[in-house]
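What follows is a single structure, written as C-alpha cells, with notes after it.
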Amino acid sequence: MTNIRVGNGYDVHQLKENLPFILGGVPIKYNKGIVAHSDGDVLLHAISDALLGAASLGDIGHFFPDTDQKYKDIDSKLILRKVCDELNQLSFSIINVDVTVVLEKPKLQPYINTIKESVAHLLRIPVDHTNIKATTSETMGFIGRGEGIVCYATVLIQKT
C-alpha cells in the first residue's frame, strides 16, 4: 500500500523599501523587499510549511521560532533543507510542488523559470515536478497597494 499525503502552506509578509527581495532562493530586482525575521523568502516558507503539514510535523515556527535570535536573517534555503532532512528521516519523498505567489509588483514572469529551477534543485526533484505561478490581487487590499506579498504552496509526498 502506498502512503501518499498532500500538504498546503501559506506565508505572508510586508514589503518595505530598501530591503532584499528573495523568492525561491532567487534575488529579485525591486525597490522594495520583504520584512521578516529570516530572509523573508515567502515561497520557500510556504513550501516548507506544506511539506511539514503533509508529514504531520507541524510548521516552520516549531523548528525555527522567530522569537529565537539565532534564526535572525537565516537563509530560507537552510530552513527548507532542514525540512527536507526531517522528511527524509521519515522516508518521505516529494512527488510534486505547486506554488502561487500573489503580488502586485514586481512582475515575476521574467523570474519564473529561474525560481522553478532553484526550487527543483533545492527539493532534489525534477523541474517538471515543480510549478510556480504568479498573480495579482487586481489592485485590491494590502497586496494591491504594494504593501505585501502572499504565497500558497501545495505539495504531494509519498512514504517510500
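How big is the dipole moment of the chain about its Cα centre under a simple scheme where the beta carbon of each Lys and Arg is +1, that of each Asp and Glu is -1, and everything else is neutral? Debye, nearest 20, please.
Result for the chain is approximately 240 debye, rounded to the nearest 20.
Given a 1.4 Å probe and the protein chains all in place, what does the accessible area of residue 81 round to, in Å² to the nearest 10?
60 Å²
When the chain is fully extended, how far beyond the present Cα-Cα distance does residue 68 get from residue 16, taking 0.36 nm per residue of separation?
Extra length from residue 68 to residue 16 when fully extended: 16.4 nm.
Using a 10 Å cut-off on Cβ atoms, rank the peptides 6-12, 59-65 from the highest mean neighbour count down.
6-12, 59-65
For the pair residue 78/residue 105, report the inter-label distance in nm, with labels modelled 7 Å from Cα in the Cβ direction.
Going from the residue 78 label point to the residue 105 one covers 3.4 nm.
Taking a probe of 1.4 Å, how large is the accessible area per residue of the stretch 1-82, in Å²?
52 Å²
What are the residues whose amide H is under 5 Å from the amide H of residue 23, where those residues sit 5 or more places off or on another chain and H is modelled from the backbone?
28
Place +1 on the Cβ of every Lys and Arg and -1 on the Cβ of every Asp and Glu in the stretch 31-160, take the dipole about the Cα centre, and give the residue among 126, 149, 42 whose Cα lies farthest towards its positive end.
In the stretch 31-160, that residue is 126.
How many percent of Cα pairs in the stretch 1-40 exceed 15 Å?
51 percent
Determine the calculated [θ] at 222 nm for the chain from helices alone, applying -39500 (n - 2.57) to every DSSP H run no shorter than 4 residues and normalising by the residue count; nearest 500 deg cm²/dmol.
-8500 deg cm²/dmol
If you look at just the Cα atoms of the chain, how large are its Rg and its Dmax in Å?
15.1, 52
Is there a pair in 70/107; 16/82; 29/133; 82/107 whose C-alpha atoms are over 26 Å apart, and which pairs would that be?
70/107; 16/82; 82/107
At 7 Å along the Cα-to-beta-carbon direction for both residue 159 and residue 128, put a label point, then send me their distance in nm to one decimal.
3.0 nm
Pop out the carbon and sulfur fraction of the accessible area of the chain as a percent, whole number, probe 1.4 Å.
So the carbon and sulfur contribution to the accessible surface is 51 percent.
Show me, for the stretch 138-144, the HN-Hα J-couplings you get by feeding each phi into the Karplus relation (A = 6.51, B = -1.76, C = 1.60, θ = phi - 60°), rounded to Hz, glycine and proline as x.
Here the 3J(HN,Hα) series is 6, 6, 9, x, 5, 5, x Hz.
Taking amide hydrogens as modeled 1.01 Å from N in the peptide plane, which residues meet the under 5 Å criterion relative to residue 150, leaving out close sequence neighbours?
Those lying under 5 Å, H to H, from residue 150 are 102.
The values are calculated or read from the model by the stated rules, or taken from the named source; none is laboratory data. Predicted model, so just to flag it, every value in this text is computed and none were measured. Cβ atoms come from the backbone with ideal geometry, glycine included; neighbour counts cover every protein chain shown. For the accessible areas, the whole protein counts, side chains as well, though only heavy atoms, and no ligand, DNA or RNA atoms are used. Shrake-Rupley method; radii C 1.70, N 1.55, O 1.52, S 1.80 Å.
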